[in-house]
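Peer 1: Handing you this structure, nothing more for now.
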Amino acid sequence: MVTKDSNKQRKNAENAPLHVLRKKVSGHLSKELRQKYTTRALPIRTGDVVKIIRGKFAKKEGKVTEVDSKNSYIYVEGIQLIKKDGKTVPLKVEPSNVVVVELYKDDEKRFKHIKVKWMANKGHTNRQKRMSYAGKAQIKRKEHVWTFNQSAGTHSKGSGATLGSIIRDVLKFAENTREIKYILQNKIVLLNGKRIKDYHFPIGLFDVLEFKETGKRYRVFLTNKNKFMLKELGKTERDYRPCRIVKKSILGKQEIQVTFDNGFNWVLPKTINAKVGDSVEFDTTKQKFNEVVALKEGSKIYIVGGPHVSKFGIFKGIVKGDVTKANEVTVESNGTTFKTREKYVFAIPEDLKL
């Protein structure tokens, strides 16, 4: 496990074994070699031809004559230092100051390693095994070997679930990927008021999922096991998503921009005052932000993490922590009072219920 302690980091670097230090004597490849071997850098070895890109000997090329793995230096042919008595000594060169322009070709083991690295460098994959799945969708054991890998979007892999998983594993509207594609391509599926066709697209807490053809609408909630469940909305329930403010930034001309938990940004009107921790209603029909729900004493909240996850409650107060302890919030729920971390508290409107 990597430590954050700077003293231990320096100690580990000083006492590292040679096979670890050897990898640190690496240099970037030239553009031609990078395109040929599809790798950015390799450990430098004796016989490689390098080009110095910084310092007194910049733009000079030479063959590597020696590699000092213990001290992380290399020696290049023709790069020498002239002493006062006229003698010449080889100059130590840092690997970060060179670019490899030609590789030593008699090392078969090295090129075998490059080939294996190229085969592993296949980039993003759409496949994800259920056993290593870390998302919020409830997928039953032994029902499916494969699930859907989440694409880049408004939610991380640990805090969201793919649209395909929701349709197949939670709502049971499809049995395989072909049926999911048919639904998304031929039926109108809206997520927070926008049509989505990608079944890898991420869904997060409180998102509103709507199927236009059937007229059904669903809102995402959490179970007591911190997994997603969908609650069908009635005809009288409003289409909105509460968005929690996680960051405030100052823009030009004294404008303030807030960032929400789902990645949305909003420039606050001068008539509205909001702070980090408050929530704002996002109207999915009109695609605009409405009222601010302040996180204050007496406001309704929803627990999104910890041992009390998925509980509704009333905010009673906050106890400020210190360097060793996080802020704690006192919550009243169903006649009982408990404490939880501030980051697990989500202020919600009064009409939002399960």
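The values are calculated or read from the model by the stated rules, or taken from the named source; none is laboratory data. Source: prediction; values computed, not measured. FYI the Cβ positions are ideal-geometry reconstructions off the backbone, even for glycines, and counts take in every protein chain you see.
Peer 1: Outside the structural domain of Ile188 (by TED's automatic domain parsing) and among the hydroxyl-bearing types (Ser, Thr, Tyr), is that true of Thr271?
Peer 2: When the stated conditions are applied, Thr271 passes them.
Peer 1: I would also like to ask the following. Take the residues in the stretch 112-132 that are more than 30 Å from Glu143 (Cα to Cα) and either modelled with pLDDT under 75 or β-branched (Val, Ile, Thr) (or both), then tell me which one is surrounded by the most Cβ atoms within 10 Å (Cβ to Cβ).
Peer 2: The qualifying residue surrounded by the most Cβ atoms within 10 Å (Cβ to Cβ) is Ile114.
Peer 1: Here are some residues: Phe148, Phe173. Which one is free of Cβ contacts under 8 Å to residues at least 60 places away in the same chain, of a type in the set (A, V, I, L, M, F, W, C) and closer than 22 Å to Arg241 by Cβ?
Peer 2: Phe173
Peer 1: Determine whether Val280 is surrounded by fewer than 18 Cβ atoms within 10 Å (Cβ to Cβ), among the aliphatic types (A, V, I, L, M) and within 26 Å of the chain's Cα centre (by Cα).
Peer 2: no
Peer 1: What's the number of the condition Val246 fails, among (1) surrounded by 18 or more Cβ atoms within 10 Å (Cβ to Cβ); (2) among the aliphatic types (A, V, I, L, M); (3) closer than 24 Å to Ile196 by Cβ?
Peer 2: (1)
Peer 1: Would you mind finding the one in Ile166, Ile139 that is closer than 30 Å to Phe346 by Cα and assigned to a helix (DSSP H, G or I)?
Peer 2: Ile166
Peer 1: Out of all the residues in the stretch 181-190, is one or more surrounded by 14 or more Cβ atoms within 10 Å (Cβ to Cβ), under 17 Å from Gln128 (Cα atoms) and not assigned by TED's automatic domain parsing to the domain that holds Lys288?
Peer 2: no
Peer 1: Among the strands (runs of 3 or more DSSP E) contained in the stretch 39-91, which hold 3 or more residues that are surrounded by 14 or more Cβ atoms within 10 Å (Cβ to Cβ) and touching a Pro at 6+ places or on another chain (Cβ under 7 Å)?
Peer 2: In the stretch 39-91, the matching strands (runs of 3 or more DSSP E) lie at 73-82.
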